[in-house]
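Take a look at the structure set out below.
Every number here is computed from the coordinates shown, using simple stated rules; none is lab data. A quick note: this is a predicted structure, and the numbers were derived from the prediction, not measured. FYI the Cβ positions are ideal-geometry reconstructions off the backbone, even for glycines, and counts take in every protein chain you see.
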Amino acid sequence: MRRLILEASEKELSKVGVAIPPVQKIKSLDLLYVLRQDREEFAAVSRIEFKDSSSKIEDLLVDGFLVEVQLLEQEKSRTFTVFMRGGPILSTVLGSLGIAGGYLFPPLEIREEKIKICFLGNNAQVSDFLEKITVLGIRFKVVLLTDADFSPDSPLNKLTEKQKKALMAAYKLGYYDIPRRINSEKLARELNIGSSTLGEHLRKAERSLLIHILSEA
């Protein structure tokens, strides 16, 4: 199994029918957790920062890419952690390209209106995917092409003990459940630390895991 991460603009991706939520309103997006990804739908948790405070998470529902968004946490006036769910658009894109296998993931990251997406498949499927988007004239940059590593403890080894403890407690106590079974204040009390310290540990742990996923070769 191979993992391909490529970067392209919204305009380029629209050539294959991928309508990303309003990129022009988004300053940054980080995919934190993929909860479901198959031929029928995807569900994920992402951290989104809008460019201005007038934007709302409901703005993400335009163009039909997403069918549901739920606010999980608001960090600042323009920064939100959200649950998002989409229909079979991504698998429809693969079908329109004539690719029978593999998986196209929702945006891993958005920065300065450049979008990173991931395709997962065997050697033949990855080659087929690259060949067909090239034929369509899509301009893109290959960020990463490597064997897929699903070792469960590999990313966690990159965390500090405090970050790992906070992340594992958050997971076990339902902080990442939909809906949440524990909020940040109660979780901080369980760990006997301040809420701001907990937030810092979780953000650093989440970013470390994300960097591991998106790390450039």
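Some points to look at:
- Of the GluC sites (Glu not before Pro) in the stretch 23-62, those whose Cβ has at most 15 other Cβ within 10 Å and which sit in DSSP loop: Glu40
- Distant-in-sequence amide contacts of Tyr33, defined by a placed amide H-H separation under 5 Å and a gap of 5 or more residues or a different chain, comprise Val45.
- Cut-off 13 Å, label 7 Å out along Cα→Cβ of Glu190, residues of the stretch 158-177 by amide N: 165-177
- Inter-centroid distance (Cα atoms) of the stretch 115-145 relative to the stretch 88-104, Å: 12 Å
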